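What follows is one structure encoded as structure tokens, with my remarks underneath.
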Amino acid sequence: MFGISGVALRRQLAIIFEDEEPRSAVTRLFNVALAFLIIANVSCVVLESVEPIRRHFAAPFGLFEQAATAIFAVEYVLRVWAAVDFHVTRYRHSLWGRLRYMRSFFALVDLLAVLPAAIGLLGAADLRVLRLLRLLRMLKLIRHSTTFGLLFAVLREEARSVTALLFVLLLTVTISGSLMYMLESEGQPEVFTSIPAAMWWAIETLTTVGYGDMVPITALGRVVGGVVSIVGIGTLALFSGLITVGFLDQLKMYREQHPRVTVAVTEKTITVSQSCRDRVGDGPDSPDMSAVTSEPGKSVVRVPNVCPHCGAAFSYAATREDGRGEPFGA
């Protein structure tokens, strides 16, 4: 009996932890509670950097850090235990599947959430560094963010284009840095000391930041600087446009896979949006969509799964007011 209950518990945990599972009320509650814990913990890390606050609240901060670390550690262990019941088939093996899961991105993020505290207990590192490492717990929020998922999907789909643009930027930085070193090293030997230093100027110019710590003074150097600025604006505009178009495509696909239902169904009445009611009700054979009752004795009408006008997904069985039994749209 213990084995059966253990398997059942593991499967329930897999449903909660699995990102591809539909979001149930328990899963949403768990994600919200975990997000609040992460935000509160990171806020404490930030506030600890203020000396007066750390002196007055050192004990509460320490207790909260211990509690949060314990919760994160238990979560990590339970995720590794339940990984064999995830949808990913390569995690199904009781040993090798869990080891593969432990090497995944989000499993490593979960490990980083507890690793600083474990190192601190061993006394093997600077405490100030460990406090900063605890800020990495904010990466745990990526798992529950749809926006980051869409961005990762964009980077996967546009990997070749992004790689090509990055290569163009690298080529531009190298060439412009070399030219600027050749043109400005004699006039400003203390500023343009080497090609890598000139490449730093190229990065500032390409990104249109321009800190002002390195400025060309020769005529040819200023011409090169102007050309590099124009190339940087065009390249970054192309990069941002590529990411924007890819993000809009992924957002469209996400909305198609997760449509919003615009039909409200009650026990007696089905209410349809006004725009669809106006269009569907134009035909002579179209049913009255304003109030479709389900009283006994009337024939059943099957309404389409997707509205032909607004694209909303809906599926239900209803009856006509006049008792006719033809399917909708026949």
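In the range 8-23, the count of residues that are of a type outside the set (S, T, N, Q), more than 28 Å from the chain's Cα centre (by Cα), farther than 15 Å from Arg143 by Cα and outside any helix (DSSP H, G or I) is zero.
Candidates in the range 175-201 are the residues that are within 14 Å of Ala219 (Cα to Cα) and among the aliphatic types (A, V, I, L, M); of these, the one that is surrounded by the fewest Cβ atoms within 10 Å (Cβ to Cβ) is Met182.
Can you list residue pairs whose Cβ atoms sit under 7 Å apart, with the first residue in the range 48-65 being not assigned by TED's automatic domain parsing to the domain that holds Leu37 and the second being loosely packed, with under 11 Cβ neighbours inside 10 Å and not polar (S, T, N, Q)? Count only pairs 6 or more apart in sequence or on different chains. Listed by first residue and then by second, the contacts come to nothing, as the list is empty. Restricting the range 69-103 to residues that are touching a residue at least 60 places away in the same chain (Cβ under 8 Å) and in a helix (DSSP H, G or I), the residue that is surrounded by the most Cβ atoms within 10 Å (Cβ to Cβ) is Ala83. If you go through the range 44-76 and keep only what is under 28 Å from Leu13 (Cα atoms) and among the small types (Gly, Ala, Ser), you end up with Ala67, Ala68, Ala70, Ala73. Only one of these conditions is not met by Phe106: (1) more than 16 Å from Leu136 (Cα to Cα); (2) part of a helix (DSSP H, G or I); (3) under 24 Å from the mean Cα position of the chain (by Cα). Which number is it? Result: Phe106 passes all but (1).
The values are calculated or read from the model by the stated rules, or taken from the named source; none is laboratory data. Just so you know, these numbers come straight off a predicted model, no measurement behind them. Methodologically, a virtual Cβ is constructed for each residue, glycine included, from the backbone with ideal geometry; neighbour enumeration extends over all protein chains shown.
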